[in-house]
Amino acid sequence: MKNKLILFLLVILFSCSRKEKLPVEKKVGAIKKIEVSSEPITAVPMVERKKYIYEGLIYRDPFIPVSPEKMAKAKLGLTKEAVVPGLGILQIKGVIVDKKDKIALFSSPIGSYLLVNGRLYDSQNRLVKGITGRLLYKEGSATPRGAILVSEDNYYKEYYLPEEKNK
C-alpha cells in the first residue's frame, strides 16, 4: 500500500513540470482615429412575414392549441355561418337514439354533419339554415333504418344505413 502511494506521488510530481513562459509583446502606440461619416443613418426596412393560414376546413388546425374559449365559440356558433351542403354529397354513417336525442351522422367532402332532433349542425356545432330532417323507421320497429333530409325548396333525399340497403 505504501509503495503504491509513493509511486502515485512520484508520478504526480514528475508529470507537473514547469512550462516555460512565452514572452509577451507590449504594444505601445498611437490610438487610431475613428472616422464618422456625415451620411444619415437609415433604418433597415422590416421584412413582413406571411401569416400562417390553415386552409383545411374539415379538420382542426393542429398548430393552434385547443383552449376553452375557442371550444365555447364553436359550441355557441359565434363564428361564421355554416356551409349548406348539397343533399347529393351527403352520406349517412350512423344513427344514435336515446331517451333525449335522435341523432344521425352524415359525412361529405365539405365536412361532417349531425342531424339532432330534426335540425342539421355542422362539425363546429353551427346550425345549418334551410335544411331539416328526421329519422326513418321500419314499420312496427323501434330501430331506425336511415334518415330523410328536406331543404327549404322542399327537395328531399332519403339516406339508408348500409346494412338496411341490402334488405
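In whole Hz and in residue order, list the ³J(HN,Hα) couplings for the stretch 85-99 that follow from phi through the Karplus curve 6.51 cos²θ - 1.76 cosθ + 1.60, θ = phi - 60°; x for Gly and Pro.
x, x, 5, x, 8, 7, 10, 7, 10, x, 9, 10, 10, 9, 5
Expressed in nm to one decimal, what extension gain is obtained for the pair K80 and K51 from 0.36 nm per residue of sequence separation less their Cα-Cα distance?
Using 0.36 nm per residue and subtracting the Cα-Cα distance, I get 8.4 nm.
If I model a spin label at Q91 and Q124 as a point 7 Å from the Cα along the Cα→Cβ vector, what separation in nanometres do I get?
2.5 nm
Assuming 0.36 nm per residue, please report the length gained on full extension of the stretch D101 to Y137 beyond their Cα-Cα distance.
The span from D101 to Y137 would gain 11.5 nm if fully extended.
How big is the Rg/Rh ratio for the stretch 68-165, C-alpha atoms only, Rh by Kirkwood, two decimals?
0.99
Bear in mind these aren't lab numbers, they're just calculated from the coordinates by the rules spelled out. Just so you know, these numbers come straight off a predicted model, no measurement behind them. Neighbour counts run over all protein chains shown; Cβ positions are idealised from the backbone, glycine included.
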